[in-house]
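Encoded as C-alpha cells, the structure appears first; notes follow it.
The values are calculated or read from the model by the stated rules, or taken from the named source; none is laboratory data. Worth saying up front: this structure is predicted, and the values here are computed from it rather than measured. All Cβ positions, glycine included, derive from the backbone under ideal geometry; neighbour counts span all protein chains shown.
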Amino acid sequence: MSDKILIVDDESDIALILRLHLEDAGYLTIRARDGMEALELLTCDGYALMLLDIRMPRMDGMELLKQANQRYPSLPIIMMTAHGSEHIAVEAMKRGAADYITKPFNCEELLKSIHRVLALTKARQENLLLQQRLEEERQMSEAILQGMADLLVAVDRQGRVITLNRRGMELLGISREEAVGRPLRELIRTDIPVDQLPHQVVLATGQPCLDVSFVLKSTRGDLAMLSSGTLLLGSDGEVAGSIIIARDISALKALEQEKEDFVSMLSHDLKSPITAVVGSIDLVREARLGPVNDEQKEFLESAIESCDEMVEMIDNLLDVHKLEAGKLILSFRLEEPRALITKGVARFRSMARKAELSLSTSFPSKLPSLLVDRGKFLRLLGNLIANALKFTKEGGRIQVSAESVEFEQFKARIPSTLYQPDSLPASGSYLMMTVQDSGIGIPESSHSIIFDRFVQAQHRRRTRTGGSGLGLTFCRKMMDAHGGYIWVESELNKGSSFIALFPLPSPTEEQG
C-alpha cells in the first residue's frame, strides 16, 4: 500500500505541482487549503507525512505544526517556506518539524527529503515498537523473578548488590535503592559464613553452586532457606557477577519434623503393644494358662510369626527413614559371613517347612571376613529370604549362596537403571551373596523400581501375599551404607536371583 501524503498549501498551482510529482513517484496525495481544513482531514484519515506551508489564511503553518504535534506526535511534517524565510523554517524544526524545503523547490531534492523523513520515521516507529517489546519482556522477566524466589540478589564481582527482588527487600528490611552498591555481606545475616553462600562460592570457583541450606535472620524471624547460585554474564560474555536465588523452606522443614515425629510414634507406640501381644501368646503357647493341643499351638505360632512380621515392617520403615535422614548409626565389625548367613537362614527353616519349600545354603570351603553391621546384615538377608518365601509356590526351592569375586567379573551385569556406570569402580574384591528362588519371577520393567519405597511389582500385588514395599528399599539403602551394590536378575515364571555385592576389607581394615 502506497504512503499517503497530506499537502497543506493555499496556492493551487504549487499544490498541483506537488501532487503531480508525488503521484508520479508512487505516493497518494490529499490537499488541504489551510490549517483548519488540514485538522479536519487528519481527524478523518491517517497519513504517512504532511507537507506544510508556513503562510496560510485562518491558521498558519506554525499553529498547525503546534496542534498536529500535540494530537499526532508520530506524524512527520516537512515545512515549506519562501526563499529568504529559512529562519522561520529553522524555528519550525526546533518546534518539531522533521525537515524543510524552500520555494521554488527542486523536485529531486523534495523527493529525497520525503524519502529520508519517511525512512527515519519508520525506523523510529520500529525502534519504539522494539523498545516496547523489550520493556514488556523485562516486566515479564521481572515478574517471573519476583515470583520464583523469596530472596533473589544479583551482585557484581566485588559482591556489591546490583539488584534485589521485592520479597528480598521485605525479608532484609531494606529498599532496593538503599541496597544497590553495598556489599551483600553487610545486608544479610545467616547461620553460615557469607563466603559459603552460593553467590560467593560461584565468584570464587566460576561454577554453579546448588542446594545450599542456611538459616536467614530476617524481619520475620529465622527462616530455613534452600539456595543456589550461578554466574552473571555481561553482554560481552565476561563474568559480571553472580546471582543467589533462595526459597523459604520453613514449611517443608516443619513437615519433615512432623514426619520424623510420626516415625518415632511408630517405633514406640506400635511396637510396645505388639510386644505385649507376643508375650501373651507365648504364655498361652507354653501352656502356662492351661493345656494347649497341637492344633492350637500351630495357630499360636502363626500369630507370633505375624506379629514378628509386623515388627519387621516397622523396623524397616524406621531404618529407611533414619538412613535417609543420616541419623542411623551403623556398627561395622569384622564378621565371618558363613556363620552370619547360616544364622540368618536358620530363622526361616520352620517357615519354609510349613510352606513346603526347600531352603538351603551353598558356600565354598572358605570365605573371607566381611566388615559389616551384624544386625543390619541379618535384617537384609532376612528381607531377601522372606521375599522369596512369599513368592515361591509349594514344592519350590530357595538357595542362599556366597562366594568371593572380583568386581570386573560382574560390572556388566549391574543395571544402569540402578547405578550410573561412571559411578562404579573399575575393580575390587567383593563378597557376592545370592538369594535364588524358583518363584513367580519379576518382569524386566520392574527390576529397578522394586527397590523404591512402597513399591511392589504389579503382578506381585495381584497375589494374595501382601507386603509394605519397604523390605527391598531397606536392602538398597543398607547396601549403599555398606558401599556395596544390589540388583535382581529374573524372568516371569522362572524365579528370581537377588544379588548383593559387599566390598571386602583391605588388610589394614582387617588388622584394625
(request) Kindly establish whether L232 is outside the structural domain of A355 (by TED's automatic domain parsing) and touching a residue at least 40 places away in the same chain (Cβ under 8 Å). (result) yes
(request) Can you give me the number of residues within the range 67-85 that are closer than 28 Å to A123 by Cβ and either outside the structural domain of G35 (by TED's automatic domain parsing) or loosely packed, with under 13 Cβ neighbours inside 10 Å (or both)? (result) 4
(request) Could you tell me which of the residues V90, V117, V201 is at pLDDT below 85, of a type in the set (V, I, T) and in a helix (DSSP H, G or I)? (result) V90
(request) Only residues that are surrounded by 11 or more Cβ atoms within 10 Å (Cβ to Cβ) and either outside the structural domain of W487 (by TED's automatic domain parsing) or farther than 30 Å from E356 by Cα (or both): list them for the range 402-412, please. (result) S404, V405, E406, F407, E408, Q409, F410, K411
(request) Tell me, yes or no, whether the range 362-369 has at least one residue that is in the same structural domain as W487 (by TED's automatic domain parsing), out of contact with any helix residue (DSSP H, G or I) (no Cβ under 8 Å at 6 or more places or on another chain) and under 19 Å from F498 (Cβ atoms). (result) yes
(request) For residues that are out of contact with any Leu (no Cβ under 7 Å at 6 or more places or on another chain), under 16 Å from L152 (Cβ atoms), crowded, with 17+ Cβ neighbours inside 10 Å and among the hydrophobic types (A, V, I, L, M, F, W, C), tally how many sit in the range 168-211. (result) 4
(request) Return the only residue of L42, L6 being in a strand (DSSP E or B), modelled with pLDDT of 90 or more and not aromatic (F, W, Y). (result) L6
(message) Name the single residue that is farthest from the chain's Cα centre (by Cα) among those in the range 390-423 being within 17 Å of R476 (Cα to Cα) and not in a helix (DSSP H, G or I).
(response) I414
(message) Every residue in the range 40-58 that is closer than 16 Å to S74 by Cβ and among the aliphatic types (A, V, I, L, M), please.
(response) L42, A48, L49, M50, L52
